[in-house]
Amino acid sequence: MGASEPAQVIEDFIKLFNSGDLDALLREMYEDEAVLVPSPGASVSGKAAIGEVLQGFLALGGTMSLVAATATKNGDLALTHSKWRLDVPGGDPMEGTTAEVVRRQPDGSWKYIIDNPWGGSVLDTQ
């Protein structure tokens, strides 16, 4: 797979999330030492820790959808933003606005180096 453009990272993440394939999510979406913000005020780094967090979200059995997305590229780095929604069976939907950094890989694909699905709401914990 592999995203060929920065904004495609967001679309690919949602496809892989909805497929429930944790191994593909980690392999295709994240650099080895990437950082993920699982909730405002917290962060984890490395694929093992990211995998634990994502497994918790996958266990909800929900379906994620993309509301809107954009990317601003500067050479081999890009800042992406998206609005997402996770509909959880029998529960309230989760929604967020992201702020993420992706980097072009040697093979030309793009992967997360910083994945913050909560965007500016991390400032609410300051």
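The values are calculated or read from the model by the stated rules, or taken from the named source; none is laboratory data. Fair warning: this is a prediction, and the values are worked out from it, not measured in the lab. Heads up, the Cβs are rebuilt from the backbone with ideal geometry, glycines too, and the neighbour counts pull from every protein chain shown.
In table form, for the structure just shown:
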read-out: Residue within region 94-105 that is over 14 Å from the mean Cα position of the chain (by Cα), of a type outside the set (Gly, Ala, Ser), within 17 Å of Ser4 (Cβ to Cβ) and surrounded by 16 or more Cβ atoms within 10 Å (Cβ to Cβ) present; value: yes
read-out: Any hit, region 35-56, residues being modelled with pLDDT of 95 or more, surrounded by 18 or more Cβ atoms within 10 Å (Cβ to Cβ), within 22 Å of Asn74 (Cα to Cα) and not hydroxyl-bearing (Ser, Thr, Tyr); value: yes
read-out: Every residue from region 46-82 that is under 12 Å from the mean Cα position of the chain (by Cα), assigned to a helix (DSSP H, G or I) and not aromatic (Phe, Trp, Tyr); value: Ile50, Gly51, Val53, Leu54
read-out: Hey, Met64 without any contact (Cβ under 8 Å) to a residue 60 or more places away in the chain, closer than 17 Å to Val9 by Cα and surrounded by 15 or more Cβ atoms within 10 Å (Cβ to Cβ) or not; value: yes
read-out: Pairs where the first residue, in region 35-46, is free of Cβ contacts under 8 Å to residues at least 24 places away in the same chain and the second is part of a loop (DSSP other than H, G, I, E, B), C-beta under 7 Å, 6+ apart; value: Ser43/Val37; Val44/Pro38
read-out: Failed item in (1) in a helix (DSSP H, G or I); (2) loosely packed, with under 13 Cβ neighbours inside 10 Å, with Phe17 passing the rest; value: (2)
read-out: Filtered residues of region 88-123 (kept if farther than 12 Å from Val37 by Cα, polar (S, T, N, Q) and part of a strand (DSSP E or B)); value: Thr97
read-out: From Ala69, Ala3, Ala34, Ala24, residue being under 14 Å from Ile113 (Cβ atoms) and in contact with a helix residue (DSSP H, G or I) (Cβ under 6 Å, 6 or more places away or on another chain); value: Ala3
